[in-house]
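Some notes on the structure that comes next.
The values are calculated or read from the model by the stated rules, or taken from the named source; none is laboratory data. Everything numeric in this text was worked out from a predicted model, so none of it was measured. Note that each Cβ is placed from the backbone with ideal geometry, even for glycine, and that neighbours are counted across all protein chains shown. What goes into the accessible areas is simple: the full protein's heavy atoms, side chains included, and nothing from ligands, DNA or RNA. Shrake-Rupley method; radii C 1.70, N 1.55, O 1.52, S 1.80 Å.
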Amino acid sequence: MEANPLKLASHKLLTNVIFILLAISGITSACNNSSSTQTYRNYIKASCNSTTYPSICYRTLSPYALKIEANPLKLCNVCLSLALKAAHSASSTISKILKSNNLTSIEEQVVQDCFGDVKDSIGELKDSLDTMGHLTGTDRNFQISNIKTWVSASITNEETCSDEFDEMNVNATLRDKIRNIVLDVARKTSNALYFINHYTY
């Protein structure tokens with residue numbers, strides 16, 4: 001039995017229509033997604049402009065635009081997460097330096113102290129992030145006050161590490177390497193503290 005030409009034509013037309021509709025839907029979705037991303041990036045840029053380190057703030061946060069959206073709490077959480085990630089990276093680098101066996105006794109002491117400071121900073125940032133993710137009930141103000149205390153203490157630890165390098169006789173290359181990575185943590189932590197200080201709910 002021969003196929004009905006009208007049915008074949010109709011089937012082909014329907015297939016083409018479905019394909020076109022799917023293509024249009026995909027394009028529309030991509031356009032909407034692109035538009036949303038730009039809107040959220042604008043929000044991040046505007047938020048970062050008031051921080052102490054706006055360029056670092058925007059550069060590190062903009063890749064997370066779709067995650068942050070235009071939500072101040074999500075902004076605080078992502079900023080804290082990035083500060084914690086930077087602190088872990090700094091801790092790993094400092095740990096490798098300590099294991100290198102190329103340090104004088106003074107250098108080893110200073111680097112070991114710095115390693116301890118960064119470890120303390122990691123603990124404080126973890127506590128802050130955990131609490132920020134569970135802001136509930138009537139004690140929110142108390143919880144946020146704790147978070148501010150921990151993040152401020154984290155910054156103090158990072159500054160203590162840098163300051164000790166100025167006070168001791170340490171190889172300049174070693175000093176600059178460690179200070180730069182710790183400074184990166186301190187700047188990201190400072191931006192996180194700014195957002196937390198201005199967070200309202």
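Taking segment 49-77 as the range and being part of a helix (DSSP H, G or I) and either among the polar types (S, T, N, Q) or on the phi > 0 side of the Ramachandran plot (or both) as the test, the residues that pass are S55, T60, S62, N77. When the criteria are applied in full, L103 fails the requirement of being free of Cβ contacts under 8 Å to residues at least 24 places away in the same chain, among the aliphatic types (A, V, I, L, M) and open to solvent by 20 Å² or more (accessible area, probe 1.4 Å). For the residues S34, S55, the requirement of being modelled with pLDDT of 95 or more, among the polar types (S, T, N, Q) and loosely packed, with under 12 Cβ neighbours inside 10 Å singles out S55. The lone criterion from (1) in contact (Cβ under 8 Å) with a residue 60 or more places away in the chain; (2) surrounded by 15 or more Cβ atoms within 10 Å (Cβ to Cβ); (3) more than 17 Å from C114 (Cα to Cα) left unmet by W150 is number (1). Among the residues of segment 108-141, count how many are under 17 Å from C76 (Cα atoms) and exposed (fewer than 14 other Cβ atoms within 10 Å of the Cβ). The total comes to 6. Of the residues examined, R187 is not one that is farther than 28 Å from L98 by Cβ, in contact (Cβ under 8 Å) with a residue 40 or more places away in the chain and charged (D, E, K, R). With the requirement that a residue be exposed (fewer than 15 other Cβ atoms within 10 Å of the Cβ) and without any contact (Cβ under 8 Å) to a residue 24 or more places away in the chain, what does segment 60-73 give you? Once the filter is applied, which keeps residues that are exposed (fewer than 15 other Cβ atoms within 10 Å of the Cβ) and without any contact (Cβ under 8 Å) to a residue 24 or more places away in the chain, segment 60-73 yields P63, K67, N71. Take the residues of segment 124-166 that are at pLDDT 90 or above and of a type in the set (V, I, T): which is farthest from S81 (Cα to Cα)? It comes out as T160.
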